[in-house]
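Undergrad: This structure is in structure tokens; I'll ask about it shortly.
The values are calculated or read from the model by the stated rules, or taken from the named source; none is laboratory data. Since this is a predicted model, take the numbers as computed values, not measurements. Here the Cβ is made from the backbone with ideal geometry for all residues, glycine too, and neighbour counts use every protein chain on show.
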Amino acid sequence: MELMKKLTSLIASLVCASSAQAALILDFDFSGVAGDSLFDPDTFELTDVDTKDANLDLLVGLNAFEPSVLNSTTAGGAASNDWNLVNWGGSVSATVGDAVAGNRFISFTIQAASGYMLNLDGATISYTAYRNGSGAPEKFATLAVVGGGGFSAADQLDAGIDTPFGTPGSGSTGSGNTETWSDTFTGAEWDGVTESIEVRLYGWDGTGNMHFSDVKIDGAEVALVPETSISMMIGLAGLGLIIRRRRV
């Protein structure tokens, strides 16, 4: 009887897991740390995250387009709370297509653990940052690719160009002008994903430094693959019946 209760409880937990609720599944939070102190000195990846779903694998940590942009500085007292990317935009980047061609991005790669899938339709990826100087990039776009491969402007999540810091030359710079903006995963193709997903944030229309304090994915689900959960429930139910018949 006690075993049957445990089996029933386990089946109930599987049902709950297969219908996971949308939540914060990944968060790179730089609050209270030097911007480059958590990065692996060999791979230049940030794998020490503030929040990560237990069934989400971080295949490649948060990283920049080239190691030379990793830097922290005490100027302005902001180094304890952000990641400073030096000379991000580059003069070559006038459009998102130029930014892609010039490899001006930060990125990370995730994948649901074995037996799980990612439901991202409607989920958001958000960034909190400020521009360090009037020459810093002012336009940004999130691009994402499933299963590896090259990137192009067509991989942009939102059709519009995100301009969180106002119009070019507006002078909205410094930690006092920190802003948060987000892009949304939209479409059925973003649900039920079991392959890897590389996410990149491209910046352009500027050549200066950017200070990031947070990057996160919210409103997403990491759920059991239906076939997996159903098979497990059927197997457990069958085991329960066998045990019960033997006792009878």
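Undergrad: Determine, yes or no, whether Gly133 is in contact with a strand residue (DSSP E or B) (Cβ under 7 Å, 6 or more places away or on another chain) and not hydroxyl-bearing (Ser, Thr, Tyr).
TA: yes
Undergrad: Can you tell me which residue within the stretch 203-226, out of those that are small (Gly, Ala, Ser) and in a loop (DSSP other than H, G, I, E, B), is nearest to Val145 (Cα to Cα)?
TA: Ranking the qualifying residues of the stretch 203-226, first place goes to Gly219.
Undergrad: Another one. Could you tell me whether Thr124 is in the same structural domain as Thr194 (by TED's automatic domain parsing), buried (at least 20 other Cβ atoms within 10 Å of the Cβ), at pLDDT 90 or above and among the polar types (S, T, N, Q)?
TA: No.
Undergrad: Go through (1) closer than 30 Å to Asn55 by Cα; (2) at pLDDT below 85 for Phe105 and report which single condition fails.
TA: Unmet for Phe105, out of (1) closer than 30 Å to Asn55 by Cα; (2) at pLDDT below 85: (2).
Undergrad: Of all residues in the stretch 177-202, how many are part of a strand (DSSP E or B) and either crowded, with 17+ Cβ neighbours inside 10 Å or in contact with a Lys or Arg (Cβ under 8 Å, 6 or more places away or on another chain) (or both)?
TA: So the count comes out to 10.
Undergrad: Now for a different question. Within the stretch 99-116, which residues are among the aliphatic types (A, V, I, L, M) and either in contact with a Pro (Cβ under 9 Å, 6 or more places away or on another chain) or surrounded by fewer than 19 Cβ atoms within 10 Å (Cβ to Cβ) (or both)?
TA: The answer is Ala99, Ala101, Ala113.
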